[in-house]
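Quick notes on the structure that follows.
Derivation of every value follows stated rules applied to the coordinates shown; laboratory data play no part. Since the structure is predicted, the reported quantities are computational estimates derived from the model, not experimental observations. With ideal geometry, Cβ positions are generated from the backbone for all residues, glycine too; neighbour counts draw on all protein chains shown.
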Amino acid sequence: MHQSPTMSKTSGGNYFEDFVLGQKLRHATPRSLGEGERAIYTALTGTRFALQSSADFARSLGLPDAPLDDILVFHIVFGRTVPDISLNAVANLGYAACVFGVPVYPGDSLTAESEVIGLKETSSGKTGVVYVRSVGRNQRGETVLDYIRWVLVSKRDPAAPAPDTHVPELPKAVSPESLSVPAGLSLESYDWALAGGDLAWEDYVPGERIDHVDGTTLEDAEHQLATRLYQNTAKVHFNRQVAEAGAFGRRIVYGGHVISIARAASFNGLPNAFRVAAINAGGHVAPTFAGDTLYAWSQVLESHALPGRDDVGALRLRTIATKDRPCEAFPERGEDGRYDSAVVLDLDSTVLLPRRR
Amino acid sequence: MHQSPTMSKTSGGNYFEDFVLGQKLRHATPRSLGEGERAIYTALTGTRFALQSSADFARSLGLPDAPLDDILVFHIVFGRTVPDISLNAVANLGYAACVFGVPVYPGDSLTAESEVIGLKETSSGKTGVVYVRSVGRNQRGETVLDYIRWVLVSKRDPAAPAPDTHVPELPKAVSPESLSVPAGLSLESYDWALAGGDLAWEDYVPGERIDHVDGTTLEDAEHQLATRLYQNTAKVHFNRQVAEAGAFGRRIVYGGHVISIARAASFNGLPNAFRVAAINAGGHVAPTFAGDTLYAWSQVLESHALPGRDDVGALRLRTIATKDRPCEAFPERGEDGRYDSAVVLDLDSTVLLPRRR
Amino acid sequence: MHQSPTMSKTSGGNYFEDFVLGQKLRHATPRSLGEGERAIYTALTGTRFALQSSADFARSLGLPDAPLDDILVFHIVFGRTVPDISLNAVANLGYAACVFGVPVYPGDSLTAESEVIGLKETSSGKTGVVYVRSVGRNQRGETVLDYIRWVLVSKRDPAAPAPDTHVPELPKAVSPESLSVPAGLSLESYDWALAGGDLAWEDYVPGERIDHVDGTTLEDAEHQLATRLYQNTAKVHFNRQVAEAGAFGRRIVYGGHVISIARAASFNGLPNAFRVAAINAGGHVAPTFAGDTLYAWSQVLESHALPGRDDVGALRLRTIATKDRPCEAFPERGEDGRYDSAVVLDLDSTVLLPRRR
């Protein structure tokens, strides 16, 4: 790009050599969330979980209002970080240690900060992996989200010296003790039929696989609306010219939109998984484009009681999303360790469900 | 579909033989409606009725806030019923006795229940007609919508025995006595110019026909956003792969979106029809697809004073929507009883208008 | 079009000979704006200005809530005027003297009025230029927007006599004294990092040019949603059949959507331009269509201190938007006075920024 003097007022994002271990970044654009975001998120994903859909239902469980969808909160916090962290990212490599904190209610205002917790130049010398821990907080300073992600970022100048390599230790999964149950939540009067069925925490067994059945075809207008709603500025999602010059020749759907669609689909099979409490690990296996039809299935990995609660339990799930391939055969990695060509997402999360009483 | 043991957690919807006369269904996913739904509905339909557009206008008429659009309320209640009633529907055959109750205001939370009031297996033995009466209620238990619809539903097992045939008697139209005027509504200070013109109830004469003129071209992203906003899960609207394997080879627009577009268009000619009070009958004549341009016209069928009110009157309307055909020639059924090939909707509704004072 | 007796109930909009100098029009459809409009506007444009994005940020500056985006307010007021002013417009020729008044907060209800301040039949005798001054007000009667626009409108009957020509004198720019700073605004605790950077009013120098870098590809569903959100009824934006019969053969993007996209892009380079205070002049150079990728750049024309304020300054900007052409070379008019073929918008506006303290 032509570097005119005036370019200095325009941010082109950070490159690999701009990051320093221990560096802290306060991200721009504080953001309020409200009924508008809730409604658009429903229109974009079709999500049907009762707790996030009805203020009256939420109040019947002791909450002050219907909390906003956890994955929506993830996207909003993630969106703040993009201009500073991943504007020059080649790939979003993974997530870990993602814990959802206090619920976000309509009217809350969020901000986000990140710390660089790891750096590793790649062997090519043209890119490097940046590990960041990002924290989203509400207007009272309470943590709503805390997560690590690592991205492959271009170097501005391939000749820039490599930093000392530091790769942080990443937990394989968020421990059950670290999961947050919304304050005030009481499941005594939980209305199973209204929520979508009588499947309780006890009904799910590790190893069990669930096909979420329903497929969703994506349109460019839809994923662009979603990604702009999150004020995520990554060019490959919005700019046809940039995308056509790239490796895939067309706009790439924000990977987080795929997570949202898979989470919404999981209502069919997990209707009472009322909260995503953690994302343990996972990432985007392949890009998704407008016209693709997304499907998803989940496997129960672990089942955990929660300390001090006999009304809520946790399930650790592996959710795989595919494009243009229904999931009744549960496509995943083959014996050679390679993913089935239809797989686009492999996500390890922990959800909360009511226990049978 | 492969029936794995785990499929039992996933709902594939009810088939004809699953329904029993008198069966009651409490539908899942309670739903709050607010300013977000109002705004998206405006963006999706362009509706311009003053009462639903301005809280200040609504307050000038004695209401606490601008009520949400009646047809939006219809879609929300309808959406609740889809997973239980019509996930395996071949066709949505008709509506009757649809009465709008208390207005829905931002912040209200709706739930829906249905009762099976009729069953009739078709001669092929592969499908059957299910008649349901569905009722939507707010968080105070007040009825916001009460309607009958009948759908042609597939049998899971063609060999399943036919139930006793029971076809309910359906009223030809909702009686004027059954129409609900919003509590507290006073039209004394109705601002005709602000609402869109001086056309009062008295100005419309039975037999009169009105071309609503304006055409609207539909996009896949639009009808998908609308249908997901209503949490309507019918596959043919969202899943390109399922749709391409079906009779029409492409995604079908939710018929309710066509009703919304026709209602919005009717502002041009009926600007003061401030409320849809009833849907008497009607149905979807032909499917609509992305790329189609919708037009509409209405005929005044009847004009009714309302008992005890000298400020409000009712008009029974027949509204026909077409695709790719402007309506200045009022296309409808020909002398042979067959619809003009452009017609997609034939709806019999009752709207309320201010009387001239 | 067939003129049946019933056509009289349908508005086809005013033609040139319907306008009279001094005529006042109260426009239909009063409109409340709220969190829903804010969220959709963000989803449609990706705008990232802190003041409009976060209620908490707005409160830290002494305001009661986050005001709605100024350009959104412009579109809402503009939308009211379309059915009366420009339904039969051939072209939207220009804007002038556009001053933004009191901020619009969620819950406010707007109405709009216009006065015909100029008329000039064109030499062809088939069209004429109509100059209107339009004013938007909130529910307390306070002015939120006051602007002049002129449009080329068709005559219904080319034989209709020409009115006396009256062309109003238009100010070249809104004077700094006329600019409105939101009541109660205090920038003492302005959080520069949170807002997007430390660029203050003092950092911008007349003559300086800023490439806003980021490109946005438009979809039909997106501009249709935007334009309907504003209840703007111009047929060329929505009706594929009408558009295909027109000069361009396809639906034209509402020019205001281009202004919104350019304003959102300007965050990159002008992150602290927290308010659009005026649109001095400008217009739409060429039409935009779905599939086009929009870019923008700005030139600082003037810098003004504001009377009585040492915390806020104003910049007069010229913003040019292009389609399918990145702006690092600052495309504009050539020496022959003709615009570069990529230019679609040339807008002269005044924005407010915090001064360094």
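For this structure, a couple of remarks:
- Charged side chains reduced to their Cβ positions (Lys and Arg at +1, Asp and Glu at -1) give chain C a dipole of some 960 debye around its Cα centre.
- Shape call, the protein assembly as shown: gyration tensor on alpha carbons, a/c limit 1.5: oblate
- A label point on C:G125, set 7 Å along the Cα-to-Cβ line, lies at 7.8, 7.8 nm from each of its counterparts in the other copies, closest listed first.
- Derived scalar couplings between HN and Hα for region C:261-275 equal 5, 5, 4, 4, 5, 5, 3, 7, x, 9, x, 9, 6, 6, 8 Hz in order, rounded to whole Hz, by the Karplus curve 6.51 cos²θ - 1.76 cosθ + 1.60 (θ = phi - 60°), x for Gly and Pro.
- Highest to lowest packing among B:64-74, B:301-311, scored as the average C-beta count within 10 Å: B:64-74, B:301-311
- Rounded to the nearest whole Hz, the Karplus-based 3J(HN,Hα) values (6.51 cos²θ - 1.76 cosθ + 1.60, θ = phi - 60°) of region C:216-223 follow the sequence 10, 8, 8, 10, 4, 4, 5, 6, with x at glycine and proline.
- Segment A:K126-A:R309, extension gain: residue separation times 0.36 nm, minus the distance between their alpha carbons: 60.9 nm
- HN-Hα J in Hz across region A:224-230 - Karplus 6.51, -1.76, 1.60, θ = phi - 60°, x for Gly and Pro: 5, 4, 4, 5, 5, 4, 8
- Distant-in-sequence amide H partners of B:G313 (H built 1.01 Å from N, under 5 Å): B:L353, B:R355
- For the listed peptides C:89-95, C:348-354, a ranking on the average number of other beta carbons within 10 Å per residue, highest first, reads C:348-354, C:89-95.
- Counting only other chain Cβ atoms within 10 Å of each residue's Cβ, the peptide C:293-301 averages 2.
- Cα centroid separation - region C:293-324 against region B:48-119, whole Å: 46
- Peptide-level mean, for C:43-51, of C-beta atoms on other protein chains within 10 Å: 6
- FRET efficiency, 1/(1 + (r/R0)^6) with R0 51 Å, evaluated for A:E202 and B:S175 via beta carbons: 0.50
- Listed residues B:V73, B:N280, B:V351: farthest to the positive end of the dipole of chain B (Cβ charges): B:V73
- The number of Lys pairs in chain B with C-alpha atoms less than 27 Å apart, excluding pairs fewer than 8 positions apart on the same chain, is 17.
- Assigned charges on the beta-carbon of Lys, Arg, Asp, Glu; region C:16-171 dipole about Cα centre (debye): 140
- Fully extended contour minus Cα-Cα distance, from A:F248 to A:E302, at 0.36 nm per residue: 15.8 nm
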